[in-house]
Amino acid sequence: MCGFTPHPPIVVPEVGGSRLTDCEATWQAMRELAKRVRAAVPATVIIMSPHAPLTGSRVTITGGRTLSGDLGDFGAPEITFKAENDLALARRIVGLSGGRATLATDWPKLDHGVVVPGHFLDRAGVKARLVTMSMGLLPYAALFQLGQAIRQAVEEEGVRAVFLASGDLSHRLQPDAPAGFDPQAAGFDRAVVKALEDNDVEALRSIPADLIRRAGECGLRPAHALLGAVAGTRLKPELLSYEAPFGVGYAVFSFRSATGLVELARESLEAYVKEGRMTRAPSPLPEALSRRAGVFVSLKRRGQLRGCIGTTVPSQQNLAEETIHLAVCAGTEDPRFPPVTADELADLTYSVDVLGEPEPVGSMEQLDPKRYGVIVRRGRRQGLLLPDLEGVEDARQQVDIARRKAGIPAGEPVELFRFEVVRHH
């Protein structure tokens, strides 16, 4: 999951007081975003803030074991945000950044670009480690690439994470706005909101430099990093609110799975392990989950496989029930592993593969282990291997592994089938 969030201290009741009613839409949307972050159960939250100290053009990632800050500069020193730094993930991001990021060894307290959204996370009950970073004065394309590096680092580290881009839009939307008034500023906000709604990085990049300058914004660079982080994923944007009550544009976006299958898998396994109960499918059931299909649910813990169970032929009434059932099986019935314990749940990452219809193939040349999974069948013995698995480089290797899983010796004739999957992770 990812999100775009403003950071006006006035949306914190202890700062805003009676003025909170003037920005209630933003306040409510930030509460909703925090609830969605909690539902994602992240082990780490990554926040990019435009108000973190800048060190040259590179993005600076916070060092130190414990990160903390408060809103004392805004009259509310009692509002604090504190979390353990996920230094392993921070170092992984730096290593994959291609020189676009550096790790700071000395860092002052967290700025309000982190503390304000962090306060909402605290209030929602989010318990996670933290990685914080400045936005850097990199070109927009480089920030997009940094967002891609952040996602890659999360995947390689095997950590469940949420990335939040903290940023306000134009500061010049009203005559009494803090940075003055510019009649073109509203056009900037419309362009950014539309680009985020459409997940359109080219539209974001095409905003004229003069319009950016006239807007007096602080959220455009974090927005580029955000779209880099979600590029190539199935996360879909949703605008939770936009308003400009004080002459500053506040937009709140949530980016999350269109189907919610990963969240459903996580909720079902956690409910079973913690409470011994099976969860129910959502009601009303989203149309995308109403069909039937084969499903595989895979679990990893710190990058290592922790369980995988699935079926090529659906046994439940719909995708939601199939996912719920198989997530519990993956965590408790995979014979290669002991059942998952409650202490392990926070470290698990989930992948839900929805299988297309298998089709017979006549030769090895019709297979492609990056695109297709394979089914190897001889009589009642059958072995299956999902596509795009680490270490599987060619079709022969893929078939050999599937043979071994089915107990079919090399040289025995087999039927071959290929299938595509839609992977949610």
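The values are calculated or read from the model by the stated rules, or taken from the named source; none is laboratory data. Bear in mind the structure is a predicted one, so any value in this text is a computation, not a measurement. Counting neighbours? That spans all protein chains shown, and the Cβs are built from the backbone with ideal geometry, glycine included. For the accessible areas, the whole protein counts, side chains as well, though only heavy atoms, and no ligand, DNA or RNA atoms are used. Shrake-Rupley method; radii C 1.70, N 1.55, O 1.52, S 1.80 Å.
The simple Förster model, with R0 at 35 Å and r as the Cβ-Cβ distance, assigns His425 and Arg213 a FRET efficiency of 0.35.
A Gaussian network model of the chain, with springs between Cα atoms under 10 Å, assigns the largest mean-square fluctuation among Glu390, Glu84, Glu156 to Glu390. Listed values for region 271-285 are Karplus-derived 3J(HN,Hα) couplings in whole Hz (6.51 cos²θ - 1.76 cosθ + 1.60, θ = phi - 60°), namely 5, 5, 5, 7, 10, x, 10, 8, 6, 9, 5, x, 9, x, 7, and x replaces Gly and Pro.
Across all directions, the shadow cast by the convex hull of region 114-228 built on its C-alpha atoms averages 8.2 square nanometres. Rounded to the nearest 500, the helix-only mean residue ellipticity at 222 nm of the chain stands at -10000 deg cm²/dmol, with each DSSP H run of n ≥ 4 adding -39,500 (n - 2.57). Geometric descriptor of the chain, per residue, is 158 Å³ (volume of the convex hull of the Cα atoms). Two numbers describe the Cα atoms of region 42-139: Rg and Dmax, which are 13.1, 40 Å. Remark: spin-label model distance Ala25-Met278 equals 4.4 nm, labels positioned 7 Å along the Cα→Cβ axis.
Within the chain, antiparallel bridges make up roughly 70 percent of the DSSP beta bridges whose residues both belong there. Within region 99-142, list the residues whose amide N lies under 20 Å from a label point set 7 Å along Cα→Cβ of Arg302. Counting backbone N atoms under 20 Å from the label point, the list is 128-131. Taking the 1.4 Å solvent-accessible surface of region 250-407 as the whole, the part contributed by carbon and sulfur is 46%.
Between Val11, Val114, Val313, the Gaussian network model of the chain with springs among Cα atoms under 10 angstrom shows the greatest mean-square fluctuation at Val313.
Using the Karplus relation 6.51 cos²θ - 1.76 cosθ + 1.60 with θ = phi - 60°, the per-residue 3J(HN,Hα) values for region 31-46 come to 5, 5, 4, 5, 5, 5, 4, 4, 5, 6, 6, x, 7, 9, 10, 10 Hz, with x marking Gly and Pro. In this rough spin-label picture, where each label sits 7 Å from Cα along the Cβ direction, the Glu78-Lys236 distance is 4.2 nm. Note that the chain presents 44 Å² accessible area per residue, ligands and nucleic acids not counted, probe 1.4 Å.
Apolar share of the accessible surface for region 1-147: 49 percent from carbon plus sulfur atoms, 1.4 Å probe. Each listed q (0.17 Å⁻¹) maps to a log10 I(q)/I(0) for region 220-296 from the Debye sum over equal C-alpha point scatterers, namely -0.88. Here the spin labels are modelled as points 7 Å beyond Cα on the Cα-Cβ line, and at Ser206 and Arg65 they lie 5.1 nm apart. Across the options Pro358, Phe417, Gly379, the greatest Cα extent toward the positive end of the charge dipole of region 354-425 (unit charges at beta carbon of Lys, Arg, Asp, Glu) belongs to Gly379.
Note on region 181-319: Cα-Cα pairs beyond 26 Å make up 46% of the total pair count.
Mind telling me which of Met278, Met364, Met135 comes out most flexible in a GNM of the chain, alpha-carbon contacts under 10 Å? Highest fluctuation of the listed residues: Met364.
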